[in-house]
Amino acid sequence: MIDLTGRHPGVVELAKHFEFEHLPDDLKVVSAVCHRTAADMLNRLPDSAELTVGLRKLLEAKDCFVRAAVAAR
């Protein structure tokens with residue numbers, strides 16, 4: 001879980017999409033890598049337009065990685 005206390009609503013909205021506990025085990029492994037990166041950036045960086053864009057691009061990448069894992073099943 002990522003601590004989003006006091007974060008901008010846009011950052012909160014993006015961050016919730018990095019949760020992965022609902023996924024099957026084989027997809028959790030893939031998604032967890034992006035979750036850890038998102039959490040690390042949220043712990044290191046203040047809210048900004050660039051953080052929001054970075055999270056959005058990481059989310060897009062995570063979605064691609066998960067789709068690749070689904071296709072490889």
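The values are calculated or read from the model by the stated rules, or taken from the named source; none is laboratory data. Computed from a predicted model, the values in this text were never measured in an experiment. Ideal geometry is used to build each Cβ from the backbone, glycine not excepted, and the neighbour counts take in all protein chains shown. For accessibility, only protein heavy atoms count, side chains too; no ligands or nucleic acids. Shrake-Rupley method; radii C 1.70, N 1.55, O 1.52, S 1.80 Å.
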Exercise for review: Just name one of Thr37, Val11, Val70: the one whose Cα is farthest towards the positive end of the charge dipole of the chain (beta-carbon charges, Lys/Arg +1, Asp/Glu -1).
Suggested key: Val70
**Study point:** Pair Asp47, Lys16: separation of 7 Å Cα→Cβ label points (nm)
**Key:** 1.5
**Study point:** 0 to 90° range, to nearest 10: angle between helix 25-44 axis and the chain longest Cα axis
**Key:** 10
Review point. Carbon-plus-sulfur fraction of the accessible area of the chain, 1.4 Å probe, in percent?
Key: 61
Check your understanding: Using the alpha-carbon atoms, what tilt in degrees (0 to 90, nearest 10) does helix 49-71 show relative to the longest principal axis of the chain?
Key -> 10
Revision key, fill the gap. Options (1) 0.99; (2) 1.05; (3) 0.97 for Rg/Rh (Cα atoms, Kirkwood Rh); the value derived from the coordinates is listed as (1)
Point to revise | Dipole magnitude of the chain, debye to nearest 20 (Cβ charges: Lys/Arg +1, Asp/Glu -1, about Cα centre) | key: 160
Review point. Want the number for Asp40 to Leu59: 0.36 nm per residue separation, take away the alpha-carbon distance, what's left?
Key: 5.4 nm
